[in-house]
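See structure below.
Read-outs: derived from the displayed coordinates by stated rules, not from any lab. Everything numeric here is computed off the predicted structure, so don't read it as measured data. Note that each Cβ is placed from the backbone with ideal geometry, even for glycine, and that neighbours are counted across all protein chains shown.
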Amino acid sequence: MEFRHPIVAAPMAGGPSSTALARAVASTGALGFLGGGNKTAQQLTEDYRAVADAGSVGVNLFVPDVANTAVDPVRSQEQRSERLAAFREKLLPFADRLGVDIPTVEQAGADVSDDWNAKLAAADEWPIVSFTFGLPHPEIFAQLHDSGTQVGVTVTTVTEARNAVEHGADFLVVQGPEAGGHRSVHDPLAEPENVPLLDLLDAVAEVVDIPLVAAGGIVTPEHVQEVLAHGAAAAAVGTALLLSDEAGTNPIHRKMLQEDRSGATQTTRVYSGRVSRSLVNEFMTLEAPAIYPEVNTLTVPIKRAAIAAMDPRSTHLFAGTGYVQARTGPAAEIVEWLASNRP
């Protein structure tokens, strides 16, 4: 994989990574991305075809537990159900306040594949695919390589990086703890390490010899230059694009990113069962089990209702550590500024 531009749009599932954003970023010569998590293969195929003529655009896929080689296959379904039931009880006051119903535990666990097989079948149309939330079997990498697809893996530790290269990764997205949204820890039960991005880049570069894309808290040209100086081929930016004109960031998320000048963010599992970084709100006082995607399914009605009501207390407000420096305006201008090394 060759990166001809120092900027990559970090894939942000759930809305922000719109087709308009992917097109705008790709138009600059940077690498745009579509977030494939929680979309059907058909939706994702339509999205890609809508931007395929814009330039370089990749597709990011969430790796479900059933396809994740980092997951211990021996798990107690009964314990999972009990923990989800207890979590669901904690959600009821939030649901009542917003006037919504939430799924049963059985409904939440009815489909946990995220249309994985269909997405893999569709992937021969996508020249660049990256994986988040885990590490598929080497056979998946071989299948994608046979169709000419370049494959990346988001990693958060040196061990994950080494394993990804052994499985066949063409490039790595090295994600530090500063990142907004979800951390791509391969073992969903593991707590994320807190090695700062620059140190993690240095450590990963010592054990692998493929291109590295740095991710986590990169919102200014100075941040971009720092990661390039530490060996990254490009910088992945997500929070830096959340306020761009083309991003599909919902209105309450935009409002809070601009009004909350505290700079404070925290990590939580409450939004999906996976660890994510967000602006701090009331919902984050809840403890959630490390069970994805069932936790996400249980919380979706609450999050959607909160967005509709412009209520910041009960929905995710994903943000990296440097969100206060994020700019508004056309995404192409933001990308060009980030790549310019000028204040």
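Karplus-based coupling profile of the stretch 214-228, in residue order and whole Hz: 8, 9, x, x, 9, 9, 9, x, 5, 4, 4, 5, 4, 6, 5, with θ = phi - 60° in 6.51 cos²θ - 1.76 cosθ + 1.60 and x standing for Gly or Pro. Dividing the convex hull volume of the alpha-carbon atoms in the stretch 254-302 by its residue count gives 80 Å³ per residue. Across the stretch 290-303, computed HN-Hα scalar couplings (Karplus, 6.51 cos²θ - 1.76 cosθ + 1.60, θ = phi - 60°) run 7, 10, 10, x, 4, 4, 4, 4, 5, 8, 3, x, 5, 4 Hz from first to last residue, x flagging Gly and Pro. Once backbone amide H atoms are built at 1.01 Å from N, residue 186 has 156 as its partners under 5 Å, excluding neighbours fewer than 5 places away on the same chain. Centre-to-centre separation between the Cα atoms of the stretch 219-268 and those of the stretch 1-68: 17 Å. In this simple spin-label model, placing a label point 7 Å from the Cα along the Cα-to-Cβ direction at both residue 104 and residue 282 gives a separation of 2.9 nm. If you plug the beta carbon distance of residue 325 and residue 187 into 1/(1 + (r/R0)^6) with R0 = 25 Å, you get a FRET efficiency near 0.20. Beyond 30 Å, how much of the Cα-Cα pair distribution for the stretch 7-338 remains, as a whole percent? For the stretch 7-338, the share of Cα pairs beyond 30 Å comes to 30 percent. Cross-link reach is defined here as a Cα-Cα straight distance under 18 Å, omitting same-chain residues fewer than 8 places apart; for residue 255 the lysines meeting it are 303. For the stretch 173-272, the set of trypsin sites (Lys or Arg not before Pro) satisfying both a DSSP loop assignment and a count of at most 14 other C-beta atoms within 10 Å is given as 261. In a DSSP loop and with at most 13 other Cβ atoms within 10 Å, the GluC sites (Glu not before Pro) in the stretch 158-255 are 206.
Between residue 89 and residue 137, the FRET efficiency from the beta-carbon distance, with R0 = 25 Å, is close to 0.10. Counting other Cβ atoms within 10 Å as a rough exposure proxy, the listed residues 186, 145 run 145, 186 from fewest neighbours to most. Amide H contacts of residue 33 (H built 1.01 Å from N, in plane; Pro and chain starts excluded): 9, 58 sit under 5 Å, all sequence-distant by 5 or more or on other chains. Neighbour counts of C-beta atoms inside 10 Å place 327, 49 in the sequence 49, 327, starting with the fewest. Listed by chain and number, the aspartates and glutamates placed with their C-alpha closer than 12 angstrom to that of residue 39 are 47, 114, 115; residues fewer than eight positions away on the same chain are left out. For the stretch 7-338, the Cβ-based charge dipole about the Cα centre amounts to some 920 debye (Lys, Arg positive; Asp, Glu negative; other atoms uncharged).
The charge dipole of the stretch 1-115, taken about the Cα centre with unit charges on the Cβ atoms of Lys, Arg (+1) and Asp, Glu (-1), comes to about 380 debye, rounded to the nearest 20.
For the chain, DSSP calls about 20 percent of its internal beta bridges antiparallel.
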